[in-house]
Amino acid sequence: MTIGVLGDVMLGRQVARALAEGPPERVWSGELAELCRSCDALVCNLECCISERGSPTERIPGKPFFFRAPPQAVDALAAAGTTAVSLANNHALDYEVDALLDTIDHLAAAGIASAGAGGDEERAQRGVVIDAGGTRLGLLVATDHPDVYAAGEDTPGVAFADLRSSLPGWIPDELGRLRGEADLVMAFPHWGPNMATEPDRWQRGRARGLVTAGADLVAGHSAHVFHGIGRIENRLVLFDLGDALDDYRVDRRRRNDLGVLALWSPGEDPELELVGLRLRYCETELARGKDADWIAARLEKACGALGTRVERLDEQRFASATGSR
């Protein structure tokens with residue numbers, strides 16, 4: 001069994017224009033889409049709302065970026081075989097409540113599960129169980145920013161958690177509930193600042209807390225650049241997957257135009273393969289040549305700092321080594 005995990009997928013702005021001008025699958029290269037569809041399940045963070053309604057939120061004064069995708073964006077997700085998405089992030093409410101609720105409805109109509117947002121706090125915090133090749137996978141999601149997007153007792157919003165200090169009680173409670181309903185559980189937090197090239201100490205602490213509370217895999221996103229792989233109690237931790245699709249300006253030093261697709265094969269000795277991605281402004285493909293070499297060098301350094309290592313299997317494919325350093 002293989003579960004595919006992608007980081008941030010942003011389908012607004014120029015990506016939305018590309019979707020309007022051609023078939024939805026055009027945002028993925030053919031070989032990448034085929035690889036994603038070969039997984040028993042594919043999970044990503046949806047870094048936008050999907051709606052034709054709403055106006056830019058005024059909850060965050062001076063907010064510079066607002067991401068909204070048209071309804072056909074769900075076809076781009078479906079083209080990659082997306083099974084479930086997280087909505088717990090800092091763009092889910094960019095066009096306010098109506099657009100958020102539309103997003104949930106559009107995804108459901110396309111057969112794509114969502115977690116991390118809802119009509120009230122209880123629904124936003126509730127994880128989802130999806131089928132992964134006959135195995136039940138529980139998905140717990142949360143975001144540590146912004147607090148003004150948090151769902152309230154009777155108001156729509158996202159599953160907010162102030163993760164810098166501790167895990168709020170609802171997270172271990174929800175992980176426990178998912179463990180009772182699923183065979184495997186993945187924690188999928190949107191955490192930390194943009195462009196950070198390594199996990200902060202608090203993220204390493206929260207990752208340990210998530211594992212202790214029952215997560216079989218922790219996979220994070222938010223930084224726009226990928227981090228190394230950690231191991232905690234024989235559980236794998238992907239502190240950040242980087243971006244998977246966007247139209248962002250590229251930082252040539254930190255290379256936010258390079259990301260990874262994680263292929264997770266759970267078990268007593270879980271295996272993890274990373275596939276290097278190259279984001280070409282509204283289209284994503286497998287990394288090659290110098291881009292793949294850059295990813296290899298970055299992974300060696302980032303994993304080494306976490307006491308782990310990867311083995312290069314092919315040009316853009318890497319496997320987590322069972323022995324740590």
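Read the figures in this text as sums done on the coordinates, not as results from a lab. Note that the coordinates shown come from a computational prediction; the quantities given were computed from them, not determined experimentally. Backbone-built Cβ (ideal geometry, glycine too); neighbour counts: all protein chains shown.
Placing +1 on the Cβ of each Lys and Arg and -1 on the Cβ of each Asp and Glu in the chain, which of PHE188, GLY276, GLY133 has its Cα farthest towards the positive end of the resulting dipole?
Of the candidates, GLY276 comes out farthest on the positive side.
Can you tell me the relative contact order of the stretch 123-270? Whole percent, Cα pairs under 8 Å, sequence separation 6 or more.
18 percent
Could you tell me the distance between the Cα centroids of the stretch 14-41 and the stretch 259-309, to the nearest Å?
19 Å
Can you compute the FRET efficiency between VAL97 and GLU311 using 1/(1 + (r/R0)^6), with r the Cβ-Cβ distance and R0 = 45 Å? Round to the nearest 0.05.
In this case the efficiency is close to 0.45.
Give me the distance in nm between label points sitting 7 Å out from Cα along the Cα-to-Cβ direction at GLU122 and GLU283, one decimal.
Modelled inter-label distance: 4.8 nm.
Of all alpha-carbon pairs in the stretch 107-171, indicate the percentage at a distance above 14 angstrom.
Summing the P(r) tail past 14 Å for the stretch 107-171 gives 60 percent.
Considering the Cα trace of the stretch 168-249, what is its radius of gyration and what is Dmax, both in angstroms?
According to the Cα coordinates of the stretch 168-249, Rg and Dmax are 13.2, 43 Å.
At a 10 angstrom cut-off on C-beta neighbours, averaged per residue, how do the peptides 3-14, 85-96 rank from highest to lowest?
85-96, 3-14
Give a residue-ordered list of calculated ³J(HN,Hα) values for the stretch 12-21 (Karplus: 6.51 cos²θ - 1.76 cosθ + 1.60, θ = phi - 60°; whole Hz; x for Gly, Pro).
For the stretch 12-21, the Karplus curve yields x, 6, 5, 5, 4, 5, 4, 5, 6, 9 Hz.
Work out how much length ASP162 to ASP105 would gain on full extension: take 0.36 nm times their residue separation and subtract the Cα-Cα distance, in nm to one decimal. Intermediate results must be reported in sequence, preceding the final value.
Values: separation 57, 0.36 × 57 = 20.52 nm, distance 2.75 nm.
Value of the extension gain: 17.8 nm.
Please report, in whole Å³, the volume per residue of the convex hull around the C-alpha atoms of the stretch 218-325.
Roughly 91 Å³ of hull volume per residue.
Which percentage, to the nearest 5, of the DSSP beta bridges contained in the stretch 179-252 is antiparallel? Don't jump to the answer; show the numbers that get you there.
Values: 5 of 11 bridges.
If I count the DSSP bridges inside the stretch 179-252, around 45 percent turn out antiparallel.
Across the Cα atoms of the chain, what radius of gyration and what greatest pairwise Cα-Cα distance (Dmax) are found, in Å?
When restricted to Cα atoms, the chain yields Rg and Dmax of 17.9, 52 Å.
Whole number please: convex hull volume per residue of the Cα set in the stretch 71-217, in Å³?
Taking the convex hull of the Cα positions in the stretch 71-217, it is 122 Å³ per residue.
If we sort 123-135, 253-265 on the protection proxy, mean other Cβ atoms within 10 Å, highest first, what's the order?
Those peptides, ordered most packed to least, come out 253-265, 123-135.
How big is the stretch 138-282 in terms of Cα radius of gyration and Dmax, in angstroms?
Final numbers for Rg and Dmax: 15.5, 45 Å.
Give me the Å³ per residue figure for the convex hull around the C-alpha atoms of the stretch 229-274.
69 Å³
Going 7 Å from the Cα of ASP251 along its beta-carbon direction, which residues of the stretch 133-155 have the amide nitrogen within less than 18 Å of the resulting point?
Counting backbone N atoms under 18 Å from the label point, the list is 145.
Just want the answer: with Cβ charges of +1 for Lys and Arg and -1 for Asp and Glu, which residue in SER265, ALA305, GLY228 is farthest toward the dipole's positive end in the stretch 227-325?
ALA305
What does the charge dipole of the chain about its Cα centre add up to, to the nearest 20 debye, if the Cβ of each Lys and Arg holds +1 and the Cβ of each Asp and Glu holds -1?
1160 debye
For the stretch 267-277, just list the computed ³J(HN,Hα) in residue order, Karplus coefficients 6.51, -1.76 and 1.60, θ = phi - 60°, integers in Hz, with x standing in for Gly and Pro.
The phi angles translate into x, 4, 10, x, 10, 9, 10, 10, 10, x, 10 Hz.
Considering only the chain, what is the antiparallel percent among its DSSP beta bridges, to the nearest 5?
50 percent
Give, to the nearest whole percent, the P(r) tail of the stretch 1-152 beyond 29 angstrom, counting all Cα pairs.
Tail of P(r) above 29 Å: 14 percent of Cα pairs.
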